[in-house]
Amino acid sequence: MKRRPRSSKAPSHIYVRDRETGRIVAIPTSIFPLEFIPEVWFENPYWRYSGYLSKEEVMKFLEKRPLTSDEAYKLGKYILLFAKNLACMSWLFSDDRQGYFEYMLPCIHKLSQILPRVKSREEVWEMLNVCFEYGLDPF
């Protein structure tokens, strides 16, 4: 498991609510596995709350309207960001962090390998199918 170098431009901390006290706690991002750290951190990774995609962009995909290659790539990018954000939060609260890391790492790798070639709905679906294999549903 790799760790992010301290000189990274990523935020130095994320903030979560302590489940027992309800207080906000700062968590250093340096504790997360490097492979899981997203380029964009979402307070809530679900598309409606993340602000990364508009309702129109999602509905265009779901309604099977034609997508440009840029639109397809943006959907693919969101899927990877969703998976990484969720992986970080799940890893943070896992009782078996190493086990979770080993389970989720192939998902992140597969999505990362598909993303550069996303140009159409078919590649977006390929990414979604990888997510479904791991119990993730970005939409």
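Throughout, read-outs are computed from the coordinates displayed, never taken from laboratory work. Not measured: the values here are computed from a predicted model. All Cβ positions, even for glycine, are placed from backbone atoms using ideal geometry, and neighbour counts span all protein chains on display.
Extending 7 Å from the Cα toward the beta-carbon at both F93 and E57 defines two label points whose distance is 2.6 nm.
Extension gain for K64-E122 works out to 19.8 nm (0.36 nm per residue, less the C-alpha to C-alpha distance). Overall, the stretch 33-133 carries a charge dipole of about 360 debye about its Cα centre when +1 sits on the Cβ of Lys and Arg and -1 on the Cβ of Asp and Glu, all other atoms neutral. The helix-based estimate of mean residue ellipticity at 222 nm for the chain, built from -39,500 (n - 2.57) per DSSP H run of four or more residues and divided by its residue count, is -15500 deg cm²/dmol to the nearest 500. Maximal additional length on extending the Y134-L34 stretch stands at 34.1 nm, based on 0.36 nm per residue less the C-alpha distance. List the aspartates and glutamates whose alpha-carbon lies under 14 Å from that of K110, not counting same-chain residues fewer than 8 positions away? Excluding near neighbours in sequence, the set is E35, E102, E123, E126, E133.
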